[in-house]
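**Q** Once you've had a glance at the structure underneath, I'll fire off some questions.
The values are calculated or read from the model by the stated rules, or taken from the named source; none is laboratory data. Keep in mind the model is a prediction, meaning the values are calculated, not measured. A quick note on method: Cβ atoms are made from the backbone with ideal geometry, for glycine too, and the neighbour counts reach across all protein chains shown. Please note that ligands, DNA and RNA were not included when accessible areas were found on the heavy atoms of the full protein model with its side chains. Shrake-Rupley method; radii C 1.70, N 1.55, O 1.52, S 1.80 Å.
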Amino acid sequence: MNAARAIGAAMLASLASAAAAADSGPIDPAFDYHSYANVDQFKTTHVDLDLRVIFKFKQIAGSVTLELKRLDPRSTQLVLDTKDLMILDVTQKATDVLGATAKNQTLWVSRPFHLEKADPILGSALVIELPPSKKATESIKIDYETTDKSSALQWLSESQTARHKPFLYTESEPISARSWIPLQDTPQIRAPYKAKIHIDDNERLRAVMSAENDPKEQHAKDYSFTMPEAVPSYLIALAVGDLEFQETGPRTGVYAEKSMIKEAAKEFADTETMIQANEKMFGPYRWGRYDILVMPPSFPEGGMENPRLSFITPTVIVGDKSLVSVIAHELAHSWSGNLVGNATWRDFWLNEGFTEYMTSRIMTAVYGEQRTAMEEVLGLKTLRDELAKFKAPDQVLAIDLRDRDPGEGLTNLPYQKGRLFLKYLDAKFGREHFDAFLRGYFDHFAFKSVNSDQFLAYLQDNLLDRYPGTVTRAQANEWVLKPGLPADAVLPMTTAFQVVDDARNSWASGKEPLKKMGGDWLAQQWIYFLDGMPAALSAAQLADLDKALSLSKNPNAEIGHSWFMLVIANNYQPAYPRLEEYLKTIGRRKLIEPLYRELMKTGSGAEVAKRVFKKARPGYHPETTKSIEAIVEMKDESNES
Ligand SMILES: [Zn+2]
């Protein structure tokens, strides 16, 4: 995921509970505290979905058939994760218990089940009673419907998309898969899946999934998908919309609404080059095709690494490839995360820290060292901001998320501190040894999950002990298990921001006009230019900035974000109409949450925030709505951040 965002009110509120969790005894690194599934007794080996997408009722209805292996023959209770689902029926294939005969091959027998009391974070455990069985695998079918609370689903009406056709997408990471499929919703369990998707609607829409998609398929009502590789539940993904396809390479392409398809294909034209760069360093791409789905602007994240089909925010389509590191990031997840994935949400840094490190390597190979160094320095700044705010337990890579929403772990820290840890190992052991280690790691754990303790043990055996006297286990432990940044961290540096600092100073002090500077700057330099502005600017200075740089109309949404932060801080009214439009059209949390938070700092800003949110919220994803709601209604806390 490319989701890291600034610390929010909800996170601040939970810092107290983090301290509480620290008192609840030592953590079991192999246990997933965010799932009810009894994975030591049953293990899913295949998932088969048969679903109707009903736009009229904003509902998905149908069944999932789980093929399970009973690890303990005495177990007679299967426990699955659900959240805000209507469970209609649970049946078991008769042959699983009666013995296989041709006659009852298709017979399904009802099984008693009940839902446990719902927990606000984890949802309700679905408990299914099963007779004893000695079969190698058995099939359990659950008929169910989603509800209007299902948090993985965003339903967009005709008016909220470019083509005036409805759109549906799922976003399941970390624990929302259970809100649209009852299953073992833990990354410890990986299984291949199949799906039949029926679109219950007159519109000619296309369904795509994180599976084998056929770009040549015509728009129809029924689609079938196969994902032959074993994936964790959070990587099962579906989108339905008026989508076109354009090829960008032999195994790459773009799905988007028609109005965007050309620009998107142009922006992401380097994808095949990126795949090749990654293969050269870290081994083969093991997923067949790599396609990109351009999401509606409401998509809450930068990108989501759904295998074979990354979901990407349209805010990175600028026209100059300046924000395509998001693609490098989602692509790198094809190795770190999708191939070798975190076993629990405590280990999220194994997905994101590795991915950020690999993103740097891809970006350097394709776009050069200077741009990469700039992006890393900007990333380091976000890390330093968080380290200054987070209490010690939340500065740890292997973070304690017991009794907390695992979404609270999705800060910049696992991304940026994780990247620095790998950069440190790279610098200490040398590129050749470190790359060989990474290739070995991806081979060893391919299509499996790994937790932080397993990683440290593997690191010790395959790198630390192999080249003794370079890095000790205690030093590695400090990175993963201790707060803050180790004193000998290898920090990114660039000289490219010096010229920006000089230019900003001479403009702010009135020595040099804007039009003389920045002719050949990259977008990262402009972002740095704006982010480093003095806190107080005059209306004349802001007018000068906007006029010379057309900031209010900038096609680069990240530059726009930095500009609007200045606009709000200085209450610069002429830019407010564009600011409102920005907040109403974009739903990417990283871009809009800080703007809402900044608005809430003053009385008149708070009024604007509340008014705009009221209008914008039907277009936001449920998770975005939840976090903005917390910001505009919890004014006192948002003031702290
Ligand atoms: Zn990511």
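**Q** Given the criteria over 17 Å from Lys381 (Cβ atoms), of a type in the set (Lys, Arg) and out of contact with any helix residue (DSSP H, G or I) (no Cβ under 7 Å at 6 or more places or on another chain), does Lys482 qualify? Walk me through it before giving the result.
**A** On the way: over 17 Å from Lys381 (Cβ atoms): yes; of a type in the set (Lys, Arg): yes; out of contact with any helix residue (DSSP H, G or I) (no Cβ under 7 Å at 6 or more places or on another chain): yes.
Yes; evaluated as a whole, the condition is true for this residue.
**Q** Report yes if Lys423 is open to solvent by less than 10 Å² (accessible area, probe 1.4 Å) and of a type in the set (Lys, Arg), otherwise no. Let's see the steps before the verdict.
**A** Values: open to solvent by less than 10 Å² (accessible area, probe 1.4 Å): no; of a type in the set (Lys, Arg): yes.
No: the conditions fail for Lys423.
**Q** As an exercise: evaluate Val254 against (1) within 15 Å of the ligand (Cβ to nearest atom); (2) in a strand (DSSP E or B) and give the number of the one condition it does not meet.
**A** Against the list (1) within 15 Å of the ligand (Cβ to nearest atom); (2) in a strand (DSSP E or B), Val254 comes up short only on (1).
**Q** Can you tell me which residues in the stretch 376-399 are part of a loop (DSSP other than H, G, I, E, B) and open to solvent by 60 Å² or more (accessible area, probe 1.4 Å)? Can you show your working first?
**A** As a first pass, look at the stretch 376-399 and keep what is part of a loop (DSSP other than H, G, I, E, B): 390-391, 396-399.
Within the stretch 376-399, just Lys391 meets the criteria.
**Q** Something else now. Filter the stretch 308-325 down to the residues that are within 13 Å of the ligand (Cβ to nearest atom) and open to solvent by less than 10 Å² (accessible area, probe 1.4 Å) and list them by number. Walk me through it before giving the result.
**A** First, pick out the residues of the stretch 308-325 that are within 13 Å of the ligand (Cβ to nearest atom): 310-313, 325.
Correct list: Ser310, Phe311, Ile312, Thr313.
**Q** Tell me whether the stretch 332-349 contains one or more residues that are over 30 Å from Ala30 (Cβ atoms), away from the ligand (no atom under 12 Å from the Cβ) and polar (S, T, N, Q).
**A** Initially, the stretch 332-349 is screened for residues over 30 Å from Ala30 (Cβ atoms), giving none.
There is no residue in the stretch 332-349 that is over 30 Å from Ala30 (Cβ atoms), away from the ligand (no atom under 12 Å from the Cβ) and polar (S, T, N, Q).
**Q** Mind counting the residues in the stretch 135-158 that are closer than 28 Å to Lys69 by Cβ, open to solvent by 40 Å² or more (accessible area, probe 1.4 Å) and not hydrophobic (A, V, I, L, M, F, W, C)?
**A** 5
**Q** Right, another one. Taking only the stretch 271-286 into account, find how many residues are more than 16 Å from the ligand (Cβ to nearest atom) and under 26 Å from Ala191 (Cα atoms). Outline the logic, then answer.
**A** Of the stretch 271-286, the ones more than 16 Å from the ligand (Cβ to nearest atom) are 271-273, 275-277, 279-281, 283-286.
Filter again for under 26 Å from Ala191 (Cα atoms), leaving 275, 279, 283-286.
Number satisfying all stated conditions: 6.
**Q** Something else about it: If I go through the stretch 174-187 residue by residue, how many of them are open to solvent by less than 10 Å² (accessible area, probe 1.4 Å) and assigned to a loop (DSSP other than H, G, I, E, B)? It would help to see each step written out before you state the result.
**A** Looking only at the stretch 174-187, we keep the residues that are open to solvent by less than 10 Å² (accessible area, probe 1.4 Å), and these are 177-187.
Okay, now just the ones that are also assigned to a loop (DSSP other than H, G, I, E, B), so 180-182, 184-187.
The number of residues fulfilling the criteria is 7.
**Q** Starting from the stretch 471-486, take each residue that is under 15 Å from Ala457 (Cβ atoms) and list its partners that are open to solvent by 40 Å² or more (accessible area, probe 1.4 Å), counting only C-beta distances under 7 angstrom and pairs at least six apart or across chains.
**A** These pairs meet every condition: Val471/Lys428; Arg473/Gln460.
**Q** Within the stretch 106-130, which residues are touching a residue at least 12 places away in the same chain (Cβ under 8 Å), part of a loop (DSSP other than H, G, I, E, B) and exposed (fewer than 12 other Cβ atoms within 10 Å of the Cβ)? Give the derivation first.
**A** If we filter the stretch 106-130 for residues that are touching a residue at least 12 places away in the same chain (Cβ under 8 Å), which is where we start, we get 107-116, 118, 121-130.
So of that shortlist, the ones also part of a loop (DSSP other than H, G, I, E, B) come out as 107, 111-112, 116, 118, 121-122, 130.
Selection gives Pro112 alone.
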